[in-house]
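To start, the structure itself, in structure tokens.
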Amino acid sequence: MWPVRFEDVPPERRFPVFRGQGNWCGWYWSATCGDHVGFESWLERDRLVLLDFDPLVTGMASQPFRLTWTDPEGKQVRHTPDFFVRRADGTGLVVDVRPDDRIEPCDAVKFAATAAACSLVGWDFLRVGAPDAVLMANARWLAGYRHPRVHRPDVAARLMAVFSEDAPLLEGVRRVGDPIAVLPVLYHLLWRQVFSADLETALLSAGATVRLSDASMGGGYADASAIAAGG
């Protein structure tokens, strides 16, 4: 199975939809994949946003495969992980999304078995819960500007010149032009992490300090894995 591109596989099973359903299923359009990725809860959707926001992620798929094994009592057990993630270095990450307070003993067994199976083929496994509220709110906002159609090269070039040094968000935008036209481009560049701002301790605001990211200046993304994994 090593040559299989699990980041491109269709979901192993359909997402259930029924009357009185307590969870929300849907499809998230991923800028990373250029396609839709399914989710079975708002929490899974939030995790997809964070994975999409991570520049070290190059692909992802939901419900990518099903594991089946026999427990010590001879009972067959099945588990379908929530996501498969491909990183820029070619490594694989399998993700299960479940809040800490919703893990039953049987779930813990499934997660442990999945982690063991992943280790056998050289993949990482991560079980994640609810992300940090401030980071998630900022990522959701920027995700609204993730589509490439938002990008305007001429405006982006002027923004990069203005924010070559740290500047307040709105002040810098007004130096470029009408905020109604310029702000979407700035948010798109923040989504792509061409620019950086403090997204973990405060909501984006007019006074937020914006700067060119380390990656734009030839560096790396020091906190990219933390953003995707759980923040």
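The values are calculated or read from the model by the stated rules, or taken from the named source; none is laboratory data. All values reported here derive from a predicted model rather than from experimental measurement. Cβ sites come from the backbone with ideal geometry, for glycine too, and all protein chains shown count toward neighbours. Side chains included, ligands, DNA and RNA excluded: accessible areas come from the protein's heavy atoms. Shrake-Rupley method; radii C 1.70, N 1.55, O 1.52, S 1.80 Å.
Annotations for the structure displayed:
- Residue check, Leu120 open to solvent by less than 50 Å² (accessible area, probe 1.4 Å) and not basic (Lys, Arg): no
- Complete set of residues in the range 79-102 that are in a loop (DSSP other than H, G, I, E, B) and under 21 Å from Phe15 (Cβ atoms): Thr80, Pro81, Asp82, Arg98, Pro99
- Test: residue in the range 150-157 that is assigned to a helix (DSSP H, G or I) and at pLDDT below 95: no
- Filter pass, Phe15 being farther than 20 Å from Gly144 by Cα, part of a loop (DSSP other than H, G, I, E, B), modelled with pLDDT of 95 or more and hydrophobic (A, V, I, L, M, F, W, C): no
- Flag if Thr32 is within 25 Å of Ala113 (Cα to Cα), at pLDDT 95 or above and either in a loop (DSSP other than H, G, I, E, B) or more than 20 Å from the chain's Cα centre (by Cα) (or both): no
For every residue, the table says whether it meets (1) surrounded by 14 or more Cβ atoms within 10 Å (Cβ to Cβ); (2) at pLDDT below 95.
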site	(1), (2)
Thr68	no, no
Pro81	yes, no
Arg87	yes, no
Leu93	yes, no
Asp101	no, yes
Cys106	no, yes
Lys110	yes, no
Thr114	yes, no
Val128	yes, no
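- Of the residues making up the range 170-189, those that are more than 22 Å from Asp52 (Cβ to Cβ) and open to solvent by less than 30 Å² (accessible area, probe 1.4 Å) are Gly172, Val173, Val176, Gly177, Val182.
This table checks each residue for (1) more than 30 Å from Ala181 (Cβ to Cβ); (2) in a loop (DSSP other than H, G, I, E, B).
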site	(1), (2)
Gly38	yes, no
Val49	no, no
Ala117	yes, no
Gly122	yes, yes
Leu135	no, no
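- All of Tyr221, Tyr187 fail the test of being touching a helix residue (DSSP H, G or I) at 6+ places or on another chain (Cβ under 9 Å) and at pLDDT below 95, apart from Tyr221.
- The number of residues in the range 51-78 that are assigned to a strand (DSSP E or B) and among the charged types (D, E, K, R) comes to 1.
- Checking each residue in the range 30-45 for being open to solvent by 10 Å² or more (accessible area, probe 1.4 Å) and either under 11 Å from Phe83 (Cβ atoms) or touching a residue at least 24 places away in the same chain (Cβ under 8 Å) (or both) picks out Ala31, Thr32, Cys33, Phe39, Glu40, Ser41, Leu43, Glu44.
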